[in-house]
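To keep things clear, I will list the structure first and then write my remarks on it.
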Amino acid sequence: MDRARLADFLRTRREALQPEDVGLPRGRRRRTGGLRREEVAVLADMSIDYYSRLEQQRGPHPSGQMLAALARGLRLSLEERDHLFRLAGHATPHRSLRADHVNPGMMRILDGLHDAAARVVNNVGETLRQTRLAAALLGDDSVHTGLARSMHYRWFTDPATRLIYPPEDHATHSRLIAANLHDVHTRDGRDSRAAAIVDALLAASPEFAGLWREHPVAGPYCAPKRIQHPRLGVLDLHCQTLVDPDQSQLLVVYTAAAGSESHEKLQLLGVIGDQRLP
């Protein structure tokens, strides 16, 4: 671990970011040209003291998880992320097995959608980032670990995953998810993240195994959906997607027709979040 160069690298990247780049207000009394240390700490989901000590060359040896959080918070490119890992004395993450680094361009767009139901997902259904409204609508995906990080895996192994969709839509979603995995598996090969998920599902889910034998072909990734919210009932939503071809990631935004009942429910959900309704 090169403490001096790590501290200098963090400082230069922090000072290069502007509040507007990460969806923060500039404010009238800001003296520094870039972000403050406390702002980076919040963006990276770590304590201010922990981040400050890293910049002051007296912090602990950060784990790979903490470095990944710093890379997201500082909106680093993949090359910058790998450099960060090397400075901290870690091997660089394997890019092909697990794409969990959100491209800075995607992050900037997501930062501007904080009032919308939006999330960034990779090609095996793992949510990499989501807005507060998306978490209130679809559930907080950050709690999952291992194979369960993939919504595709959870769909066939955890019945609770299906509760957000009406029962009559389940068969359609099953086929679309199996088709998506089939497409990614074919493209990425046997050593891919998709292959590990497929192998696990073939052993665990007869439903998935049956669909897999049919060689399903993927259609529109995000067709209109009906979301069955536990407190607000069914919402009829449209999906808009932005594809990042270099990262194999999608930015998915859920919207409702203006003036519709679903639009009113989505606005209400934006106010109440995960609070309980009387």
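A crude spin-label estimate for the pair Glu207 and Ala223, with each label 7 Å from Cα along the Cβ direction, gives 1.7 nm. Close amide H partners of Gln249, meaning residues 5 or more places away or on another chain with modelled amide H under 5 Å apart, are Asp244. Compared with the alpha-carbon gap, the fully stretched path from Asp21 to Arg3 is longer by 3.8 nm at 0.36 nm per residue.
Please give the calculated 222 nm ellipticity per residue for the chain, where each DSSP H segment of at least 4 residues contributes -39500 (n - 2.57) and the sum is spread over every residue; nearest 500 deg cm²/dmol? Numbers along the way, then the final one.
Values: 12 runs with 122 residues, N = 278.
Helix contribution divided over all residues of the chain: -13000 deg cm²/dmol.
Identify, among Val102, Ala218, Thr12, the residue whose Cα sits farthest towards the positive end of the charge dipole of the chain, taking +1 on the Cβ of Lys and Arg and -1 on the Cβ of Asp and Glu, with the dipole about the Cα centre. About the Cα centre, the residue reaching furthest to the positive side is Thr12. Near Tyr165, the amide H atoms lying under 5 Å from its own belong to Gln228; only residues 5 or more places off or on other chains count, and H is placed 1.01 Å from N. Under the convention that each Lys and Arg Cβ holds +1 and each Asp and Glu Cβ holds -1, the size of the dipole of the chain around its Cα centre is about 940 debye. Between His238 and Asp183, the simple label model (points 7 Å from Cα in the Cβ direction) yields a spacing of 2.0 nm. Which residues among the range 1-27 fall inside the zone where the amide N is under 12 Å from a point 7 Å beyond the Cα of Glu80, along Cα→Cβ? Counting backbone N atoms under 12 Å from the label point, the list is 9-18, 21-22. The length gained by stretching the chain between Glu168 and Thr12 to full extension, at 0.36 nm per residue less their Cα-Cα distance, is 50.9 nm. 3J(HN,Hα) along the range 115-121, derived from phi through the Karplus expression 6.51 cos²θ - 1.76 cosθ + 1.60 where θ = phi - 60°, amounts to 8, 9, 8, 9, 8, 9, 10 Hz, with x in place of Gly and Pro. Computed over Cα pairs, the Kirkwood radius of the range 66-223 leads via Stokes-Einstein (1.567 mPa s, 4 °C) to a diffusion coefficient of 76 µm² per second.
Among Arg81, Arg226, a tally of other beta-carbon atoms within 10 Å of each Cβ gives an order, fewest to most, of Arg226, Arg81.
Between Arg58 and Arg30, take the C-beta separation as r, use R0 = 25 Å, and let me know the FRET efficiency to the nearest 0.05. Present the calculation step by step, with values, prior to reporting the outcome.
Working: r = 26 Å, r/R0 = 1.06.
Plugging the Cβ-Cβ distance into 1/(1 + (r/R0)^6) gives 0.40.
Please compute the contact order of the chain in relative form: average sequence separation of alpha-carbon pairs under 8 Å and at least six residues apart, divided by the residue count, as a percent.
15
What the phi angles of the range 191-198 give under the Karplus curve with 6.51, -1.76 and 1.60, with θ = phi - 60°, is a coupling list of 9, 8, 4, 4, 5, 5, 5, 4 Hz, glycine and proline written as x.
Applying the Karplus relation 6.51 cos²θ - 1.76 cosθ + 1.60 with θ = phi - 60° to the range 161-172 yields 3J(HN,Hα) values of 4, 7, 5, 7, 10, x, x, 5, 9, 5, 4, 5 Hz, where x marks Gly and Pro. With r as the distance between the Cβ atoms of Ile48 and Asp158 and R0 = 45 Å, compute the FRET efficiency 1/(1 + (r/R0)^6) and round to 0.05. Calculated value: 0.80. For the chain, a Kirkwood hydrodynamic radius built from all Cα pairs, placed in the Stokes-Einstein relation at 20 °C and 1.002 mPa s, yields a translational diffusion coefficient of 105 µm²/s.
Computed from the coordinates by the stated procedures, all read-outs in this text should not be read as laboratory data. All of these numbers come straight from a predicted model, not from anything done at the bench. Please note: Cβ atoms are built from the backbone with ideal geometry, for glycine as well, and neighbour counts cover all protein chains shown.
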